[in-house]
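Worksheet for the structure shown next.
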Amino acid sequence: MNYRHSFHAGNFADLVKHALVLWLLKERQARGPVSVLDTHAGAGLYDLSGDAVRSREAEAGVARLMTAEARPPLIEALAAEVAALNPQGGARFYPGSPVLTARALRAEDSYRGFELNPPVEALLQEALAPWHNATGRAGDGYEEAVRAARGLKAPLVLIDPPFERPDDYVRSAETAAAVLGADRTACVAIWTPLKDLETFDGFIRRLEQAGLSRVLVAEARLRPLNNPMKMNGCAMTIVNAPSGADAAAAEICGWTVQALGDPGGRAEVWRAG
Ligand SMILES: C[S@@+](CC[C@H](N)C(=O)[O-])C[C@H]1O[C@@H](n2cnc3c(N)ncnc32)[C@H](O)[C@@H]1O
């Protein structure tokens, strides 16, 4: 396992993912208690003064978010979370999905994140220590989330693999199908890079063939996707997307492309299936 999210934390793709996660969480909280399952939790909280300085991805992402003017509400919501972790100003600390979610939990909500890499799992435990209803666990998130979802009502499941293994697309789609197969009221959000569109098409086709409905694809392409070796775009695919998700995704992807992308960039929100 070579992937280290600490190099990528706070990049444009994290901003798209986390702004949408915040919106999904709030949307479900408006309807009752929420149980979040996070298949690939990562470290929980990132100090961007380390690996992220070398990659310069956070410099082109969250650093620009925090100095941007006229942020639309769903982008402002993420900026407020970053600001709360950096009372001295700036953006040295950036929340991963575990801390972002844990901070938004009410007493009746819960979060369970899974992490396969032992040193990262130790960091996850440490980051979640302040919250009694947010836990980090060691294990394969695909299997664990399906098992955990069986005991929950209408869980919100986040799938965010490193995509360093060729089967991550297949396993993400299978996990979504298994969760929705057990509970049609679950909501599953899957993050993917946009590099090679053949691979992405195959992933969407797999979701369609599994009979999954209300599939929303939110794409943020910062630059034309003409180099399959570079991540010039990303997508969040939401299965059983609630109403309002289209507008939320358009606001988030639209701002990201316009504020952080090149003139040839494009934001697109569409429904599959
Ligand atoms: C993209 S990062 C997760 C970032 C996190 N979701 C966030 O938004 O802050 C992917 C993480 O998944 C872990 N990982 C890889 N394969 C896994 C698996 N099968 N189950 C659980 N964790 C896994 C990696 O070690 C890495 O920390």
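Bear in mind these aren't lab numbers, they're just calculated from the coordinates by the rules spelled out. It should be emphasised that the depicted structure is a prediction, and the values quoted were computed from it without experimental measurement. Glycine also receives a Cβ, built like all others from the backbone with ideal geometry; neighbour counts cover every protein chain displayed.
For Asp38, the criteria (1) of a type in the set (Asp, Glu); (2) within 11 Å of the ligand (Cβ to nearest atom); (3) within 21 Å of Arg221 (Cβ to Cβ) hold in every case but one, which is (3). If the condition is being more than 9 Å from the ligand (Cβ to nearest atom), assigned to a loop (DSSP other than H, G, I, E, B) and either more than 13 Å from the chain's Cα centre (by Cα) or farther than 20 Å from Val257 by Cβ (or both), then the stretch 1-15 contributes only Asn2. Whenever a residue of the stretch 133-160 is touching a residue at least 60 places away in the same chain (Cβ under 8 Å) and assigned to a loop (DSSP other than H, G, I, E, B), its partners that are away from the ligand (no atom under 12 Å from the Cβ) and not small (Gly, Ala, Ser), lying with C-beta atoms within less than 7 angstrom and at least six residues away or across chains, give the pairs Ala154/Asp183; Ala154/Thr185.
Counting only strands (runs of 3 or more DSSP E) that sit completely within the stretch 165-257, zero hold 2 or more residues that are free of Cβ contacts under 8 Å to residues at least 24 places away in the same chain.
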